[in-house]
Amino acid sequence: MKIERRKTRVAEVYTASLNDIMFFLLLFFLIISTLVTPAAIRVLLPNAATSEKVVTKKNINLIITQDLRYYINDTELTKGEIEASLGALLTKEKTENPGVEMNVLLQADKSLSLQDVVDIIDIGNKLQVKMILFTQKPE
């Protein structure tokens, strides 16, 4: 004697709550990614009405903080070491990438004296490298 079921059962996974879970995970990662800042040295830039955003391919970051600490690409140096280190970095980049113009992006705190900034620009002139002074537009 063969017994048959009247209704066949279909196995189904309830996925309505997965949409909510995925939305909350996406929201969580978006919020966390905006809070995470790269390890950067913060300086207050001076204001200039004609500021422009500069995008170049090969840049060297040179940062001068308020307390006269000097950084080249996040490496702290003394003022006397800047010329040798910058020169070595420029020659290395020129040999690895011939024909690519190198720029030094100078980020100097606005509370510094003009002479401190001019001394660094003078080093750039000796090394014959284009130096770009960072500023920001007044709000």
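The values are calculated or read from the model by the stated rules, or taken from the named source; none is laboratory data. Note that the structure is predicted; figures quoted are calculated from it, not measured. Quick reminder, even Gly has a Cβ in these numbers, built from the backbone with ideal geometry, and neighbours come from all protein chains shown.
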Residues in region 57-89 that are more than 15 Å from ILE132 (Cα to Cα), assigned to a helix (DSSP H, G or I) and within 20 Å of the chain's Cα centre (by Cα): how many? 1
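Let's see how each residue does on (1) assigned to a loop (DSSP other than H, G, I, E, B); (2) among the hydrophobic types (A, V, I, L, M, F, W, C); (3) over 30 Å from THR95 (Cα atoms); (4) modelled with pLDDT of 75 or more:
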site	(1), (2), (3), (4)
LYS2	yes, no, yes, no
ASP20	no, no, yes, yes
LEU26	no, yes, yes, yes
ARG42	yes, no, yes, no
SER51	yes, no, yes, no
VAL55	yes, yes, no, no
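The rows are residues; the columns are (1) surrounded by fewer than 16 Cβ atoms within 10 Å (Cβ to Cβ); (2) in contact with a Ser or Thr (Cβ under 8 Å, 6 or more places away or on another chain).
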| site | (1), (2) |
| --- | --- |
| ASP109 | no, yes |
| SER113 | yes, no |
| GLY124 | no, no |
| MET131 | no, no |
Go through region 93-122 residue by residue and tally those that are under 20 Å from the mean Cα position of the chain (by Cα), among the polar types (S, T, N, Q) and over 16 Å from LEU68 (Cβ atoms). 1
